Amino acid sequence: MIKIDLHIHTTYSNDSEISPAQLIARAQEVGLGAVAVVDHNTAEGSLKVASMSPPFKVITGEEILTPEGEIIGLFLKETITPGASPEETIRLIHAQGGLACVPHPFDRYRSSAMQRITLERIAHLLDIVEVANSRTLPFQDLSRPEQFATKHTKPMGAGSDAHNPAEVGLAYVETADFDNSEEFLKALSQGHIHYYKASTGAMAGRMARKLIGKH
């Protein structure tokens, strides 16, 4: 079994403090066996980390902004341009042989979170639902992502949404090892979610960014 943090940002995202080298060091320190690097609107950060040949698996990906919220593409080979509809964005992810995951669904405190009408419309196209995110603020129904995943029989993911090194590994899925996207999806369907909250300072920062319309 390995631990996989499915939502990490590097300095290729303009709001993250984690350099690729820092990510590799911290992931080793906390015992991760795989990470998904999903910088905002670029796959370059994930490709950079993968090129450094760390002693764990790197799922190359991107967190892509659509007019109705963000979608994560996993197992990508190149950047997908943001701004397309959710349906077209998922089509482009699948065209690369990737998997489409919806991050922090239903989150009331993120302008970039997809909400119910969109989620129900695209549910049949999704491969994974992120049900635990360490940067999700309280004061809302945190069970809704899991309920949505269960309703639509989707594998459940978890990620720290780390933007600083200390957050890496705060949320992860423990699964069997895998060698490709098909094996990963099968392993994820039988995985176990582990989830810890980010610091109150990080939560306060999240609220401030919400108020000014950022991630």
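The values are calculated or read from the model by the stated rules, or taken from the named source; none is laboratory data. Treat the numbers as computed from the prediction; the structure is a model and nothing was measured. All Cβ positions, glycine included, derive from the backbone under ideal geometry; neighbour counts span all protein chains shown. The protein model used for the area step is the full one, side chains on, heavy atoms only, and it has no ligands, DNA or RNA in it. Shrake-Rupley method; radii C 1.70, N 1.55, O 1.52, S 1.80 Å.
Observations on the structure shown:
- Efficiency of FRET between Glu182 and Ser111 - r from beta-carbon atoms, R0 35 angstrom, step 0.05: 0.55
- Placing pseudo-labels 7 Å out from each Cα toward the beta carbon at Glu44 and Ala166 gives an inter-label distance of 3.0 nm.
- Solvent-accessible area, 1.4 Å probe, carbon plus sulfur percent, for the chain: 54
- Residue pairs, from the table Lys57/Lys77; Lys48/Lys154; Lys3/Lys154; Lys3/Lys186; Lys151/Lys186, whose Cα atoms sit over 24 Å apart: Lys48/Lys154
- Largest first, the three principal axis extents of the alpha carbons in segment 94-192 are 38, 36, 24 Å in whole numbers.
- Taking a Cβ cut-off of under 14 Å around Glu130, the surrounding Lys, Arg, Asp and Glu residues balance to a net charge of -3, with basic ones at +1 and acidic ones at -1.
- Look at where the Cα atoms of segment 155-172 and of segment 21-76 average out, and the two centres are 11 Å apart.
- DSSP bridge pairs, the chain: antiparallel proportion in percent, nearest 5: 50
- Taken about its Cα centre, the chain carries a charge dipole of about 540 debye when Lys and Arg each add +1 at the Cβ and Asp and Glu each add -1 at the Cβ.
- Alpha carbon convex hull of segment 1-129, volume per residue in cubic angstrom: 110
- Length available on full extension from His152 to Ala21: 0.36 nm per residue minus the Cα-Cα distance, which gives 43.4 nm.
- Compared with the alpha-carbon gap, the fully stretched path from Leu125 to Leu142 is longer by 3.8 nm at 0.36 nm per residue.
- Between Ser53 and Glu88, the FRET efficiency from the beta-carbon distance, with R0 = 35 Å, is close to 0.55.
- When the chain is treated as a GNM with alpha-carbon contacts under 10 Å, the residue of Leu74, Leu119, Leu23 showing the greatest mean-square fluctuation is Leu119.
- In units of the rule-of-thumb radius 2.2 N^0.38 Å, the chain shows an alpha carbon radius of gyration of 0.90.
- Computed packing ranks the peptides 26-34, 153-161, 190-198 as 153-161, 26-34, 190-198, most packed first, by mean other Cβ atoms within 10 Å.
- Residues Glu78 and Ser189, FRET efficiency given R0 of 30 Å [Cβ-Cβ distance, rounded to 0.05]: 0.65
- The chain: calculated mean residue ellipticity at 222 nm from DSSP helix runs of at least 4, using -39500 (n - 2.57): -8500 deg cm²/dmol
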